[in-house]
Each structure stands twice: as structure tokens, then as C-alpha cells.
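As C-alpha cells, the structure follows; a few thoughts come after it.
What follows draws every value from the coordinates through simple rules; no lab data is involved. Quick caveat: nothing in here was measured; it's all calculated off a predicted structure. Glycine also receives a Cβ, built like all others from the backbone with ideal geometry; neighbour counts cover every protein chain displayed.
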Amino acid sequence: MIQETWDGFEHEFRARWPDRLDPRVWREPFLEQLLATWNEESRLFAAAELSRRAIGAAKTKDIETLPEDIREGAARGLLLAARRFARVLGAGGTPHNLATLASDTLRESRTT
């Protein structure tokens with residue numbers, strides 16, 4: 001779903017790009033730079049959100065309602081995935097790669 005969300009956003013943004021306010025100012029190379037920046041920022045936001053779900057003051061039911069025997073592994077997995085998301089560089093931060101990284105990390109961290 002991560003890949004589909006990004007693909008849908010990027011497709012729609014590119015479709016609307018020709019109608020931008022002033023093509024003389026916002027040229028084509030800026031589109032690629034803008035999308036790359038937003039992709040990077042969304043990856044870092046995802047890392048922050050994963051951490052918040054595990055250690056935030058208002059923890060979410062995602063973790064708190066899990067059975068106790070798997071809660072620790074789930075929280076550990078979220079924090080480790082967040083750290084790994086934050087360390088991904090450049091083109092390695094594709095939605096597909098991040099989904100795989102999260103899945104692998106959660107699997108490694110499970111307690112049962």
C-alpha cells in the first residue's frame with residue numbers, strides 16, 4: 001500500500017504540473033527535485049511516526065492492546081524499523097524498499 005500511495009500521489013502531481021502557476025519560474029528540473037525532497041521527507045516522517053507509536057506520551061492502541069507476550073517484540077521492531085528508515089540514503093528509500101525493510105525488521109524482532 002505504501003508504493004501505491006506514493007505512485008498515486010506522484011502520478012496526480014505530474015499530471016497537474018503543466019498547469020503550474022508560472023512555468024518560467026517552476027521549470028521541469030524543479031519537479032524532479034521537489035518529488036525527491038518530498039519522498040525523503042515522507043520517509044523521515046514515517047520514521048518519526050513509528051517511534052511515536054512505540055514511545056509517545058499518548059501511545060496508540062496499535063501496541064498497547066497487543067497480547068503482552070508479543071508487545072515487547074512489536075515495540076522493539078517499530079523502534080528498530082524507525083532507526084533503519086532514518087538511515088536509508090537516497091534512491092534506496094523507495095516505498096517498496098521501505099515496506100520490505102519494515103516487514104523484515106518486524107519479523108526479526110518478534111518475540112513469539
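A few comments on the model shown:
- Approximate spin-label separation SER103-ARG14, in nm, with each point projected 7 Å along Cα-to-Cβ: 2.4
- Label corresponding to Rg/Rh (Cα atoms, Kirkwood Rh) when calculated from the structure given, among (1) 0.99; (2) 1.03; (3) 1.11: (3)
- Cβ-to-Cβ counts within 10 Å put ASP62, ASP22 in ascending order as ASP22, ASP62, the fewest first.
- Comparing mean-square fluctuations of LEU21, LEU78, LEU34 from a GNM of the chain with C-alpha springs under 10 Å, the top value falls on LEU21.
- If R0 equals 22 Å, the separation of the Cβ atoms of ALA91 and GLU41 corresponds to a calculated FRET efficiency of about 0.90.
- Positive-end residue, segment 33-92 charge dipole about Cα centroid, Cβ charges, pick of LEU35, GLY90, LEU80: GLY90
- Rounded FRET efficiency, nearest 0.05, which uses the C-beta distance separating GLU4 from ARG71 and R0 of 41 Å: 0.90
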